Amino acid sequence: MSLKIYGIPKSRAVRVLWMAEELGIPYENVGVTMADKAHKGTAYLAVNPNGRLPAIDDNGFKLSESLAINLYLAKKHAKLYPKSIEDEARCWQWSLWTAFEIDKQVNDWAAHDHVLPAEQRDPAKLKAALDVLNVPLGVLDGVLAKQAYLVTPDAFSVADLNVASAMYRLIKMDFGANKNVARWYRACWDRPAAKKARDLRESS
Ligand SMILES: N[C@@H](CCC(=O)N[C@@H](CS)C(=O)NCC(=O)O)C(=O)O
């Protein structure tokens, strides 16, 4: 198998699994976990010296950072990747935006909504996390009020995949006034490849 995707589907590897499913390429999911500290073991550190999931080994080419991996795979297989340099830059913009504006914020909210054991959840921290998260969600809503998808106005691209996949833990969120986010989020996660990735995650 030429493409190895490291990381159990319950990790951020779900983002890359979604991409691989969209591309319809063969891959092997190497189920490195955090539970047994395999992500800090010598074998995995040779793939990703940061000791974080996911990473890939594509025929000897090793890469980490889920969003960068997806940009690489989409460009390599010429699918979900724009043709113009401007749209390519917009895909980078949305991917960096995801890393800085959404990734931590989603996890902070999810921790106190459903991830932490019930007795450790704090309603005050949940509200504070929502207040922070609502700022980028409002920005996203404004963009999606004008177009169906983030970069190519009427077509799903790697930009949508990177943003929506990083929002996995909002899957049960009521987006409230952010109705354009709600519509776009459903459209992204209703894709067959997204459902496959979600199944892999939820059945593992
Ligand atoms: N920015 C990285 C974040 C990777 C990351 O933090 N992954 C988590 C699992 S979802 C991890 O490996 N945590 C273990 C650790 O930080 O030691 C990416 O998007 O790939």
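Within the set LYS79/LYS125; LYS10/LYS62; LYS79/LYS104; LYS75/LYS125, which residue pairs have Cα atoms separated by over 31 Å?
Check vs 31 Å cut-off fails for LYS79/LYS125; LYS75/LYS125.
Accessible area, 1.4 Å probe, largest first: how do PHE156, PHE61 sort?
Most to least solvent-accessible, the answer reads PHE61, PHE156.
Quick check on the chain: helices-only [θ] at 222 nm, where DSSP H runs of length 4 and up contribute -39,500 (n - 2.57) each and the sum goes over total residues. Nearest 500, please.
-15000 deg cm²/dmol
Share of the chain's accessible area from carbon and sulfur, percent, 1.4 Å?
56
Just to check I understand the Karplus step: with θ = phi - 60° and J = 6.51 cos²θ - 1.76 cosθ + 1.60, what whole-Hz values come out for region 158-169, glycine and proline as x?
4, 5, 4, 4, 5, 5, 5, 5, 6, 9, 3, 6
Averaged per residue, what accessible surface does region 66-156 expose to a 1.4 Å probe, in Å²?
Counting only protein heavy atoms, the per-residue value for region 66-156 is 55 Å².
Could you give each residue of region 104-114 its phi-based ³J(HN,Hα) in whole Hz, using Karplus coefficients 6.51, -1.76, 1.60 with θ = phi - 60°, and x for Gly or Pro?
5, 4, 4, 5, 4, 5, 5, 3, 8, 8, 8
What ³J(HN,Hα) values, in whole Hz, does the Karplus curve 6.51 cos²θ - 1.76 cosθ + 1.60 give for region 177-193 when θ = phi - 60°, with x put for Gly and Pro?
My calculation for region 177-193 gives 5, 7, 5, 6, 4, 4, 5, 5, 4, 4, 4, 5, 6, 7, 5, x, 5 Hz in order.
Per residue, how large is the accessible surface of region 165-204? Use a 1.4 angstrom probe and give square angstrom.
54
Taking the Cα centre of region 36-188 as origin and charging only Cβ (+1 Lys, Arg; -1 Asp, Glu), how large is the dipole, in debye to the nearest 20?
For this selection, approximately 180 debye.
Under 17 Å from the Cα of LYS76, which aspartates and glutamates turn up, not counting those fewer than eight places away in the same chain?
Within the straight-line limit of under 17 Å, LYS76 reaches these aspartates and glutamates: GLU21, GLU22, ASP57, ASP58, GLU65, ASP87, GLU88.
Rounded if a/c is under 1.5, else prolate if a/b beats b/c, else oblate: with a ≥ b ≥ c from the C-alpha gyration tensor eigenvalues square-rooted, which is region 3-79?
It is prolate, given that a/c is not under 1.5 and a/b is the larger ratio.
Please report, in whole Å, how far the alpha carbons of the chain spread along each principal axis, starting with the longest.
Rounded to whole Å, the extents work out to 48, 46, 26 Å.
What residues have an amide H closer than 5 Å to that of ALA55, excluding those fewer than 5 places away on the same chain, when H is modeled at 1.01 Å from N in the peptide plane?
HN-HN under 5 Å from ALA55: TYR6.
The values are calculated or read from the model by the stated rules, or taken from the named source; none is laboratory data. Nothing here was measured: the structure is a model prediction, and the numbers come from that model. Heads up, the Cβs are rebuilt from the backbone with ideal geometry, glycines too, and the neighbour counts pull from every protein chain shown. The protein model used for the area step is the full one, side chains on, heavy atoms only, and it has no ligands, DNA or RNA in it. Shrake-Rupley method; radii C 1.70, N 1.55, O 1.52, S 1.80 Å.
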